[in-house]
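Here is the structure we will look at, set down as structure tokens.
The values are calculated or read from the model by the stated rules, or taken from the named source; none is laboratory data. None of these values were measured; they are calculated from a predicted model. Cβ placement follows ideal geometry from the backbone for every residue including glycine, while neighbour counts extend to all protein chains displayed.
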């Protein structure tokens, strides 16, 4: 965790919580050293962003990419030497269902996650020669995960008046009934980490599954 908290999960001898900020090389190095041998890396760190792209400062775009894109790459690069040497290991990159269908008011966030989709697909080929598996998990909309709470002040002033008529109905329709839960994502991450079929993409949550099936139908 970026800010370690021991009150979130039950205490267990099989669980160790370490400090990790994926945007800081020294934090990554310290966490890898403290972890010891790693069998599975799940890149789940992420920050959200909703707003009009025209009004989004490039500094904010870069901040999103630092965690969602470069943080994933940096963590992956940090564990690959031991995976390659052992000829075993799994990398599970968690992206988003925004990569399955274009969604408005999420251009920068979608770009940061779509970059990881391409990165993961290429990396899977690259590491197959060393028996290292690489997987993608694509969660749907999860309002109970408090993912949106890490947005903070990034969304301030991202809805200029000129876009009001466009944005209002989209924001009003965000209250959907088919959503993804934490357990949906956890179960699919576990399945992806143990999968040996060669499957790359795993949709997580009923809404993400529906989008994945629709995308597959369009490409068929």
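Hey, could you check region 62-108 for residues that are under 30 Å from residue 169 (Cα atoms), without any contact (Cβ under 8 Å) to a residue 24 or more places away in the chain and assigned to a helix (DSSP H, G or I) and say which is farthest from the chain's Cα centre (by Cα)?
62
Where residues in region 175-198 are part of a loop (DSSP other than H, G, I, E, B) and surrounded by 12 or more Cβ atoms within 10 Å (Cβ to Cβ), which of them is modelled with the lowest pLDDT? Break it down stepwise before answering.
To start, the set of residues in region 175-198 that are part of a loop (DSSP other than H, G, I, E, B) comprises 175-181, 195-198.
Restricting the remaining residues to those that are surrounded by 12 or more Cβ atoms within 10 Å (Cβ to Cβ) gives 178-181, 195.
Details: 178: 76, 179: 87, 180: 92, 181: 92, 195: 97.
Once the filter is applied, the top-ranked residue is 178.
Would you check if there is a residue in region 10-19 being buried (at least 18 other Cβ atoms within 10 Å of the Cβ) and either under 19 Å from the mean Cα position of the chain (by Cα) or over 25 Å from residue 185 (Cβ atoms) (or both)? First the steps, then the outcome.
Of region 10-19, the ones buried (at least 18 other Cβ atoms within 10 Å of the Cβ) are none.
Among the residues of region 10-19, not one is buried (at least 18 other Cβ atoms within 10 Å of the Cβ) and either under 19 Å from the mean Cα position of the chain (by Cα) or over 25 Å from residue 185 (Cβ atoms) (or both), which makes the answer no.
Can you pull out the residues in region 199-210 that are surrounded by 20 or more Cβ atoms within 10 Å (Cβ to Cβ) and assigned to a helix (DSSP H, G or I)? Quick ask: steps written out before the conclusion?
Going residue by residue through region 199-210, those that are surrounded by 20 or more Cβ atoms within 10 Å (Cβ to Cβ) are 202-205, 207-209.
The answer is 207, 208, 209.
Residues are listed down the side, and each one gets a yes or a no for (1) farther than 26 Å from residue 214 by Cα; (2) surrounded by 15 or more Cβ atoms within 10 Å (Cβ to Cβ):
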{"residue": "72", "(1), (2)": "yes, yes"}
{"residue": "79", "(1), (2)": "yes, yes"}
{"residue": "87", "(1), (2)": "yes, no"}
{"residue": "92", "(1), (2)": "no, yes"}
{"residue": "106", "(1), (2)": "no, yes"}
{"residue": "118", "(1), (2)": "no, no"}
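Give me a count of the residues in region 125-162 that are at pLDDT 90 or above, assigned to a helix (DSSP H, G or I) and crowded, with 18+ Cβ neighbours inside 10 Å.
The qualifying residues number 1.
Within region 32-45, is there a residue that is in contact (Cβ under 8 Å) with a residue 24 or more places away in the chain, closer than 20 Å to residue 103 by Cβ and not in a helix (DSSP H, G or I)? First the steps, then the outcome.
Going residue by residue through region 32-45, those that are in contact (Cβ under 8 Å) with a residue 24 or more places away in the chain are 32, 37-45.
From the residues that got through so far, the ones that are closer than 20 Å to residue 103 by Cβ too are none.
No: region 32-45 contains no residue that is in contact (Cβ under 8 Å) with a residue 24 or more places away in the chain, closer than 20 Å to residue 103 by Cβ and not in a helix (DSSP H, G or I).
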